Structure formats: structure tokens, C-alpha cells
1. Sequence gap at least 6, Cα distance under 8 Å: using those rules, report the relative contact order of the range 241-358 to the nearest whole percent.
2. Between Arg212 and Lys350, what length comes free when the chain is fully extended (0.36 nm per residue of separation minus the Cα-Cα distance, one decimal in nm)?
3. Considering only protein heavy atoms, what is the solvent-accessible area of Phe158 at a probe of 1.4 Å, reported in Å² to the nearest 10?
4. Binning every alpha carbon pair distance of the range 57-122 at 10 Å from zero, what are the percents per bin?
5. With the contact rule set at Cα under 8 Å and sequence spacing of 6 or more, what percent relative contact order holds for the chain?
6. Would you tell me the accessible area of Ser161, worked out with a 1.4 angstrom probe on the heavy atoms of the protein chains, in Å² to the nearest 10?
7. With +1 assigned to the C-beta of every Lys and Arg and -1 to the C-beta of every Asp and Glu, and no other charges, what is the dipole magnitude of the chain about the Cα centre in debye, to the nearest 20?
8. Select from Leu270, Leu222, Leu128 the residue whose mean-square fluctuation is largest in a Gaussian network model of the chain (Cα-Cα springs shorter than 10 Å).
Amino acid sequence: MDDITLIAVGDISLQTKNDKHPFKAVESVLKCKDILFGNLETVLSNRGKGAEKAVTLYASPDKASYLKEAGFDILNIANNHILDLGMEGFHNTLAALRQEELTFIGANDKPDSSYAILEKKGLRFGFLGYCEGANSLPKNEIWVNKIDQTQILKDIEFIKSECDLVIVSLHWGTENVFYPSPKQISLARRLIDNGASVILGHHSHVVQGIERYKHGLIAYSLGNFQFDYKISCSKTNESIVLCLDFQNGLLENYRIVPVVIDHNNIPVILSDKSSKRVKDHVKNISQPIKDDQITWGWWFEQIAAEYLSGNMKSFIIRIKRYGIKHFLQCTRWLICPFCLRCYAAIIRLKLKKLVGKA
């Protein structure tokens, strides 16, 4: 059986400054694939009712041609921006992808159809896609796969009979933080235990750790790829392209190709020196996962300040734009159990610093 390379990248917006080609600078990497996967983090529509959010993402439908030209074989569209322009935007997105004969997973206009099987060199890859907190609107012919462990396990069992390898795409986690939660780690490993070969995560807008687990691989977040990283966070504009090598029908190894997102929102391959820095960073943030160091207490201490700050900024924008309803949502959020655990984590960190200085 021939060797096969699956290349996976993170969030794609198709929005560039100065109308630059979004993938031109990374063509040399993307073309070295048998299958190319990406998370399409935008609506493809010029029409529709905008969601009341701090950030809505949409691009002209004709920009789907860039995806076709770059060689994308499979796109996840189950994410928190797929309904940014409502029902009309959703259906226009599907139409634009179908116009370019692009395969997508995670959402559809009919039930039980948002999976895909691709055959390359005699090996069949089954793709499944899900989004945390997704909402389906069956009356409007909108189905978005929600992350639900029981359902995902059923889907893996179903699709395994039709393919050789199962790839699961998960839009999940906390934005702008480098570590997955214990719940994410537990779910990802459970999916591998039950037949998945690869987990491809996204949503955090920064790269998270990568773990070889038993026969499979878990990339907890692929980060941004072709995106305006400034609307997400100011931590980093560096990211990766993940290359997975399959031999004799099994995952043999993986490689990462570091990239930097430039001022035009375009990914560019990094120089050797900068590339090493990114590889070292990915290795460092992967280590706590491999060492089973990520407890709930530790995780909240890592993410609390970023989570509270980022969400408060979002609420302030929404309150200014949309008024009292979002103010009331903000007050409820401030006293929710998740925020209370964040406050406790910040207090713990301050106490630890005081004890350390004593």
C-alpha cells in the first residue's frame, strides 16, 4: 500500500488585506499532500441577518475558489461562526462550496449527511466534524453536529464499517489559551480508544499541544492558519501546518511546518531559526499533556485571566452595539460557575506568589 500524507491546517477566514491571495505563500507545503483538511471559520455570503456578536465572520462566496485552487479536499464547517449571517448565510455557504465541488463535514441542509469518506491510493479515510454548543434548526433545514460523546461514539462505530481510518474534527475549548481542559483530553482519548485514528481540534485561535496516544494522534488545536489573528488575541501570529504520514494503512509519524501570519492575514513559511522556536513551543505545551499534569486546578490557573479578560472585552462591544439584553447576559455570566472557578484560580495564584516571596 502506498504512503499517504494528510495535511491539516487550522482556522481559515478567506479575508485578506489588499485582496491578496490567501494561500500563495504556502503553496509549496500544501501541494505535498494526498489529502488537505482545513477549518473554514467563516460564512460564504454577502447577504443574511448578522448575529449579535462582537465578531462576525463572512466572505464573498466567490472566494471559495481560493480553497479549490489551493487543493483543499475536506473542510470542517461545524463552528461557532457558521450562523453569523443566519439561515440565508448558512445556505449560501453550502451553495458556494458545492459550486466549487468542495467536500465539507460538520453541518448540512439535511440530517445524517455531514460526514465524508475520501479514498486515496486504495485507503479510505472517514471524516466526522462537530462543534461545542452547536445549534441545529431543522425547520430551516440547518443541522450542525454538536459535540456529544455518546453520539460521536455511535458515529465512529457507524463510519468504521465504511472506511479504514477515522478522522474526527472538533471545534472546542477555550479561546486564546495554550492548553486543553481535562475534559477535552478525556474525550479525545476516549475517541481514539473507540476507533478514531486522528483528532483535529480548532477554536482556540492558538496552537495547543499534540499527543501521540496509543495508535492515534491528537492535535488539540491547530490554531489560526489564514486569519486576522488580531481579532482573536495578541499573543502570537505564529502557527503550524500539521503533516501526517500514513504507511501500510497506519499512522507512521507526523511533522509540523511552522508558519507566521503576516500583516495581510496571509500564512508565510518561517525561516529555520524562527521555525525552531515554534517547534520548541509546541513541544513545551505538549509536555504537560503527556505527563498527565493537567488537572482542573492547574488548568484554571493557566486560563483564568485570559478567559475573563477576553470575554469581558467581547461583552463590552456587544453591550455598546446591542444594549441592555447583552448587559443582562454579562451579569449572569459574571456569576456563573465557570467564572467563579476562574476567580478562585486567580486568588490561588496570588496567594502562591505571596507565599513564595515570604
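The values are calculated or read from the model by the stated rules, or taken from the named source; none is laboratory data. Bear in mind that the values here come from a model prediction, so they are computed numbers and not experimental data. When we count neighbours, we look across all protein chains shown, and the Cβ atoms used for this are built from the backbone with ideal geometry, even at glycine. Surface accessibility is based on the protein's heavy atoms, side chains included, excluding ligands, DNA and RNA. Shrake-Rupley method; radii C 1.70, N 1.55, O 1.52, S 1.80 Å.
1. On the way: 72 pairs, mean separation 18.7, N = 118.
With pairs under 8 Å counted, the relative contact order is 16 percent.
2. Fully extending the segment from Arg212 to Lys350 adds 46.2 nm.
3. Estimated to the nearest 10 Å², Phe158 gives 110 Å².
4. 19, 55, 22, 3
5. Working: 755 pairs, mean separation 59.1, N = 358.
Reported relative contact order: 17 percent.
6. Around 90 Å² of this residue is reachable by solvent.
7. The calculated dipole for the chain is roughly 1680 debye.
8. In the Gaussian network model the winner is Leu270.
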